[in-house]
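> Sharing a structure here in structure tokens format.
The values are calculated or read from the model by the stated rules, or taken from the named source; none is laboratory data. Bear in mind the structure is a predicted one, so any value in this text is a computation, not a measurement. Glycine also receives a Cβ, built like all others from the backbone with ideal geometry; neighbour counts cover every protein chain displayed. Note: accessible area is taken over every heavy atom of the protein model, side chains too, but ligands, DNA and RNA are not part of it. Shrake-Rupley method; radii C 1.70, N 1.55, O 1.52, S 1.80 Å.
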Amino acid sequence: MNEATTQVKTLVENIIDGIQEKKGSGIVIADMTGVEGAICRYFVICQGNSPMQVEAITDSVEETARKKSGEKPVKVVGLPNAVWVAMDYTDVIVHIFVPQTREYYNLEALWEDANLTHVADLD
């Protein structure tokens, strides 16, 4: 595994830490490396129970990725209403939803060619 791949996998781990820090749930990692025409290497998808929790998860991911990986998102969209926030880290895109919006868009099914890893929720 080369250094760039290791850095991206570490970033994904740090993003998951940030999500779990604020009790984000339903974490799924979509490995897009084998998907032709994919816009990034990984999608990290999760949910919070309310717009307030989605916002807290977004802040936690941003802080954790910055402190542990030295990475800042290129762009963050969706914070004004916080039902679906997307954070673009170039190689990794993080999607944080409220449950109804996540169910409606069903990104996991959209990227069924990707290798999906489900991360167990913390108690």
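> If the requirement is being among the small types (Gly, Ala, Ser), part of a helix (DSSP H, G or I) and open to solvent by 20 Å² or more (accessible area, probe 1.4 Å), which of these qualifies: 38, 65, 56?
Going through 38, 65, 56 in turn, the sole match is 56.
> Just wondering, is there one or more residues in the range 23-33 that are among the polar types (S, T, N, Q), assigned to a helix (DSSP H, G or I) and within 22 Å of residue 104 (Cβ to Cβ)?
no
> Next up: Scan the range 106-123 and report the pairs whose first residue is modelled with pLDDT under 90 and charged (D, E, K, R) and whose second residue is in a strand (DSSP E or B) and open to solvent by less than 70 Å² (accessible area, probe 1.4 Å), with Cβ atoms within less than 9 Å and a gap of 6+ or a chain change.
Between residues of the range 106-123 that are modelled with pLDDT under 90 and charged (D, E, K, R) and residues that are in a strand (DSSP E or B) and open to solvent by less than 70 Å² (accessible area, probe 1.4 Å), the close pairs are 108/28; 108/30; 108/43; 108/45; 108/116.
> Are there any pairs with C-beta distances below 7 angstrom linking a residue in the range 86-102 that is hydroxyl-bearing (Ser, Thr, Tyr) to a residue that is part of a strand (DSSP E or B), with the two at least 6 apart or on different chains, and if so which?
101/84
> Would you mind finding the one in 72, 22 that is under 19 Å from residue 123 (Cα atoms), modelled with pLDDT of 95 or more and open to solvent by 50 Å² or more (accessible area, probe 1.4 Å)?
Being under 19 Å from residue 123 (Cα atoms), modelled with pLDDT of 95 or more and open to solvent by 50 Å² or more (accessible area, probe 1.4 Å) holds for just one of 72, 22, which is 22.
> Still on this model: Open to solvent by 60 Å² or more (accessible area, probe 1.4 Å) and under 25 Å from residue 99 (Cβ atoms), is that true of residue 9?
Judged against the criteria, residue 9 is not a match.
> Conditions: (1) over 24 Å from residue 7 (Cα atoms); (2) of a type in the set (A, V, I, L, M); (3) surrounded by fewer than 18 Cβ atoms within 10 Å (Cβ to Cβ). Residue 120 meets all but one. Number of the miss?
Only one criterion is unmet by residue 120, namely (1).
> With (1) open to solvent by 60 Å² or more (accessible area, probe 1.4 Å); (2) within 21 Å of residue 120 (Cα to Cα); (3) in contact with an Asp or Glu (Cβ under 8 Å, 6 or more places away or on another chain); (4) not basic (Lys, Arg) as the list, and residue 45 as the residue in question, which single condition is left unmet?
(1) is the only condition that residue 45 fails.
> How many of the residues making up the range 75-117 are of a type in the set (A, V, I, L, M, F, W, C), assigned to a loop (DSSP other than H, G, I, E, B) and loosely packed, with under 13 Cβ neighbours inside 10 Å?
The total comes to 0.
> Considering each residue of the range 34-52, count those that are in contact (Cβ under 8 Å) with a residue 60 or more places away in the chain and of a type outside the set (Gly, Ala, Ser), and give that number.
The qualifying residues number 3.
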